[in-house]
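Reading through the structure tokens given below for one structure.
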Amino acid sequence: MAGLPEAVAAVCRCTQSKKQYGIEFRPVEKGTWRALWSFPLSEEDAQFEGFDETVIEGKIVYEDHYNGCLGCGIRGFVVCRKCKKLCCGTLDGDIFHCPWCGNSGKVVYGKIAFRAGGNF
């Protein structure tokens with residue numbers, strides 16, 4: 001797709017276990033990204049690979065075989081309003097508790113934006 005990377009990876013963290021992992025995304029069309037698979041990712045590898053160099057913004061759709069969060073298995077995402085980091089969508093009602101910065105708040109549904117990186 002002209003002007004869009006072939007694929008990017010983002011760092012995500014489980015809201016229950018606090019386990020960090022990576023997710024590969026591919027563009028479907030401008031403003032829509034497909035989550036393909038999640039994979040183990042250490043903090044050192046995430047920094048080395050630069051998985052925070054690109055902003056993904058828009059709607060997320062899921063590949064049928066997307067394996068979800070490596071901590072709890074859920075397939076959804078939440079982006080913290082405070083630190084702007086990606087987390088699995090495990091919710092306590094409609095209240096979100098960020099595993100990165102500890103922020104809590106009501107979940108707002110809609111398009112999301114977060115940082116990812118790589119062009120592979």
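Bear in mind that the values in this text are calculations on the coordinates, not laboratory data. Note that this is a predicted model, so its numbers are computed, not measured. Note that each Cβ is placed from the backbone with ideal geometry, even for glycine, and that neighbours are counted across all protein chains shown.
Data overview
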| item | result |
| --- | --- |
| C12, C87 arranged by Cβ crowding within 10 Å, fewest neighbours leading | C87, C12 |
| 13 Å beta-carbon shell around L41, net charge (K/R +1, D/E -1) | -4 |
| Percent antiparallel among DSSP beta bridges (both partners in the chain, rounded to 5) | 80 |
| Environment charge of G117, counting only residues whose C-beta is closer than 9 Å and scoring Lys/Arg +1, Asp/Glu -1 | -2 |
| Residue (of S38, T54, V8) at the positive-pole extreme of region 8-76, dipole from beta-carbon charges | S38 |
| Per-residue Cβ neighbour rank within 10 angstrom, fewest leading, C72, C88 | C72, C88 |
| Alpha-carbon Rg/Rh ratio, for region 1-60, with Rh computed the Kirkwood way | 0.99 |
| Expected 222 nm ellipticity per residue - DSSP helices of 4 or more, -39500 (n - 2.57), all of the chain, to 500 | -1500 deg cm²/dmol |
| q = 0.14, 0.20 Å⁻¹: log10 I(q)/I(0) that the Debye formula gives for the chain, counting C-alpha atoms only | -0.53, -1.12 |
